1. In region 223-300, with Lys and Arg counted as +1 and Asp and Glu as -1 at Cβ, which of these residues, VAL269, ASN246, SER231, has the Cα nearest the positive end of the dipole, that is, farthest along it?
2. Tabulate in residue order the Karplus-calculated ³J(HN,Hα) for region 55-66, using 6.51 cos²θ - 1.76 cosθ + 1.60 with θ = phi - 60°, rounded to whole Hz; enter x for Gly and Pro.
3. Order 194-206, 173-185 from most to least packed using the mean count of other Cβ atoms within 10 Å.
4. Given R₀ = 45 Å, FRET efficiency for GLN40-ALA212 by Cβ-Cβ distance, to 0.05?
5. Rounded to the nearest 20 debye, what is the charge dipole size of region 52-113 about its Cα centre when +1 sits on each Lys and Arg Cβ and -1 on each Asp and Glu Cβ?
6. In terms of the Cα gyration tensor, with a ≥ b ≥ c the square roots of its eigenvalues, is region 97-231 rounded because a/c is under 1.5, prolate because a/b exceeds b/c, or oblate?
Amino acid sequence: MLLSRRNAAAGLLALGAAASTVGHAVAQQTAPAPDEPPTQFDTGADAYEHMLAPVMINGQGPFQFLMDTGANTSCIARDLAQRLKLASAESARVNTIVGVRQRPSVLIDRLQVGERSRRGVRAAALPLNADLDGVLGVDWLKGQRLELAFKAKSLSITRSKHEVSRDGLAVVPARRSQGQLTIVDADLGGRRISAMIDSGSQMTLCNGPLRAMVAESFRHSPGDAAYRHISMESVIGEQFAGEMINLPFLRLGGLRLGNVPVVYAETHVFGLWGLKETPAIVLGMDLLTQFDTVSLDFGQAQVSFDLAPVPALPTKAYQPA
């Protein structure tokens, strides 16, 4: 299918691109039990279209946690941890879009999301934006399926299941790496790239190799390659800069996207995800919310894009390079 892209609002760009707070070796929580029940609940939203899940902590709440598929562990707002008088735990190294720092952490006796709960959760305590109480990372999703229903404004965590592409549904193969899923059947103008789903990022980001690929493709049309400098801020208030560029054509499996605005920012997390040297894009909420539902299946290593009213093109079989 060929989708047109809406332009990102300039007002959001000044404060936006709240790229994921990515933890690394932060929490030592228990893996989900195999008989854990599926859960579904309505979500809220903040000013930047992030999906917010109601979370109970030690029987109190609900509190608003950002569902962040770009984070490999969960964290809690420092102010909330102090208000709940959570016990201090060993400090942890936390990776964000800007870099890595040692951060204080706390111990949560019980953290509950819908019908699912964890005990003995060690979480980094971070100075999050005022409207966030915490971040839910993919540590909740080992071998599970996460469905982000943007149109219905709901979120569900269920058992893994195999899907195939059909009319209105594009199923794209992915690779598991450090808890995340990286789409492997993707290209820009016929040249292979990597793509990740990051529901914690308001804007879609790209790295230097992909920016160089775009610049090369516009050699004979320099006016189309004009870049716009923008300032951005992470969810913990870190400032960083980027350039707004347009991708003329992007394919994700059976999906074909045209005129895709992305932000080039040579950020710390591309190296963390092993994507520093290869052309890569991180799909943020500005793109994801154009679909009815986006599902990440960590058991099957698949990503599904559901836009039921529009027929999808057949997905090409992926042949490893």
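Throughout, read-outs are computed from the coordinates displayed, never taken from laboratory work. Predicted, not measured: the structure shown is a model, and the values here were computed from it. Backbone-built Cβ (ideal geometry, glycine too); neighbour counts: all protein chains shown.
1. The residue sitting most towards the positive pole is ASN246.
2. Result, ordered by residue: 10, 9, 10, 6, x, 10, x, x, 10, 8, 10, 6 Hz.
3. 194-206, 173-185
4. 0.60
5. For region 52-113, the charge dipole is close to 160 debye.
6. Oblate is the answer for region 97-231, as a/c is 1.5 or above yet b/c matches or exceeds a/b.
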